[in-house]
Structure formats: structure tokens, C-alpha cells
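Reading through the C-alpha cells given below for one structure.
Just so you know, all these numbers are worked out from the coordinates, no wet-lab data involved. These numbers come from a predicted model, not from an experiment. Because the Cβ atoms are built from the backbone with ideal geometry, glycine has one as well, and the counts that use them run over all protein chains shown.
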Amino acid sequence: MRIAAALAMACILGTSVAVGQSAAQQARTYYGFDKDGYPGDALLPALHQHFAYTGYWLNDPPGMNSNPWAGKRSGLRAAGLGFLILFNGRLDAALKGRDAAALGREDGADAIAAARREGFPAGTIIFLDQEEGGALLAEQASYMGAWIAALGQSEYRAGVYCSGIPAPAGKTMISTAQDVAVRFPGARLWVWNDTCPPAPGCVLPEQGLNPAKSGFSEALAWQYAQSPRRTEDTRACRRTYAADGRCYAPGIPQSEESYVDLDVSRSPDPSHGR
């Protein structure tokens, strides 16, 4: 297949490929979206025109008192979407002064039970949502380690959603992703880094994006745009975002349902949840 034809086919499939190699050597990348609120069944066909997979919460997303994603797996799967599956972890303030390891085991059991209720198959990767960046504090490491161990005793696999942005740690700089990789080498990482560069902003580049540019070379997925944008770190790509600072799915009227975070992976189903 000629390169131009390969690019055209990739766009049709909601994917992109790197230029400068033979078609057989090109590594395909796939775009996805995630958001706290469920976008609604009516938008799924339009979203699937641009995205191969979606984030999927197993418990209440941050700041919410219920989970709008519960029970939606079959409809998303029927719409052709793969998955990045999330379990909302605890902030450090909720761990201090408590048995963090016990909470990690408890939340791990809850993640396993929720994944089973939703019908996700054995081998599915569930990502613990680690919202706070920088090196893990002692209680965060205890909580995460217990959560990962609980997943390891089930039919599911453990992953962590965390920052790929370096932060001060004593006399050095380290990202949460780098710290997690050293502490828990078996966990797969979904890395967020919306700093421009390396992130291009709220766009879907036709030439594709390399998840390794996220700040962690072994990232399974890279979240490179967030809604709303972080003002200082996205100054260089601010024009790619809407006037309200959000990133909206292309070709869809702007609304509470159509704003998204953007992700890229080398798999159309990074969590293997289909």
C-alpha cells in the first residue's frame, strides 16, 4: 500500500501513522478521549468518527457523587469503542493518619467487583487514578502498592494514571510516572502531560503522536490535552483550545457533553476491555 493510501485508511479508522518509513514499518497510533461525565448515547457515533476508545470510570469520578458511566460498557462496545478503564483513587489528604495499605486493599477489592459487574473480561487493565503529581509520599506509596497487589490476585491487571511532568524531589527532578515505574515495575502507565511542548494542544495531528513523548518512554497511553487547560503550561498552544479553555471533540457542537480530554496510544483498546 502506498504511504498516501495508508494515511487515508488510518484516518478513516480514526488512527494515524508515522511518516518517513515503509508502510510495513509504520507504527500506528490511535486517538481516544476521556471525561468525568458521560457524553451521552447520542454522541457516540460522532465521537467514534475521531476516536478509537474512551475512558471509563468504575467508581465516582473526581468531584462527583455518582458514576454516570455505570452500565454503559455494552453500548460503548456496540458503538465500536475500546476502553481506558479508571478507578478513582484517594487524595493524600484522605490517607494521612489512616491505614493507607488497608484502604488500598479495600479500594482494590472495590475496583475488582466493579469491573466484574460491568462485564470486563479477564486480562483487562484497570488504572488507579493518581491525581497528585511528583514523587509519591509514603502513605501514597503504601496505598498504591496495596491496591496493585489486590489487583494482582484477581483476573485483572493493574495500571496507574499519573503525571509525566517532572517535579522537584530533593536535589533532583522526578515525575510521578518515573517514581511509580521504579516502585511498581509490573504496573502499566497511562501518563498525563499536557505541557506544550511536548503536547501539541487540543488537536489530532494526522502524522500521529508518540506516547513515549509523554515524559515516560514506556507509557501505554498519553493524555496530552485536558479540559479545562492548565493556563501556564499550555500557553504555547492556547489557540488550539476553545475560548472557555476547554478542548472540544472536533465536528461536534460545543456543549457539556462534547468537551473532552485527549489521549493517544498504540492500541485501539488500551485496557483490553472489549
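Restricting to the stretch 72-94, count the residues that are of a type in the set (A, V, I, L, M) and buried (at least 21 other Cβ atoms within 10 Å of the Cβ).
Initial filter on the stretch 72-94 (of a type in the set (A, V, I, L, M)): 76, 78-79, 81, 84-86, 91, 93-94.
From what is left, the residues that are buried (at least 21 other Cβ atoms within 10 Å of the Cβ) are 76, 81, 84-86.
Residues meeting the conditions: 5.
Residues in the stretch 162-193 that are free of Cβ contacts under 8 Å to residues at least 24 places away in the same chain and among the β-branched types (Val, Ile, Thr): 2 in all. Taken over the stretch 218-271, the criterion of being part of a loop (DSSP other than H, G, I, E, B) and among the small types (Gly, Ala, Ser) is satisfied by 219, 227, 242, 243, 245, 249, 251, 255, 258, 267, 271. Scanning the stretch 204-253 for residues that are under 22 Å from residue 46 (Cα atoms) and among the β-branched types (Val, Ile, Thr) yields a total of 2.
Here's the yes/no breakdown for (1) in contact with a helix residue (DSSP H, G or I) (Cβ under 8 Å, 6 or more places away or on another chain); (2) buried (at least 21 other Cβ atoms within 10 Å of the Cβ); (3) not polar (S, T, N, Q):
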| site | (1), (2), (3) |
| --- | --- |
| 100 | yes, yes, yes |
| 113 | no, no, yes |
| 119 | yes, no, yes |
| 122 | no, no, yes |
| 146 | yes, no, yes |
| 159 | no, yes, yes |
| 204 | no, no, yes |
| 207 | no, no, no |
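Just one of the numbered conditions (1) in a loop (DSSP other than H, G, I, E, B); (2) basic (Lys, Arg); (3) without any contact (Cβ under 8 Å) to a residue 24 or more places away in the chain is not true of residue 90: (3). Filtering the stretch 220-228 for residues that are out of contact with any Asp or Glu (no Cβ under 7 Å at 6 or more places or on another chain) and surrounded by 24 or more Cβ atoms within 10 Å (Cβ to Cβ) leaves an empty set.
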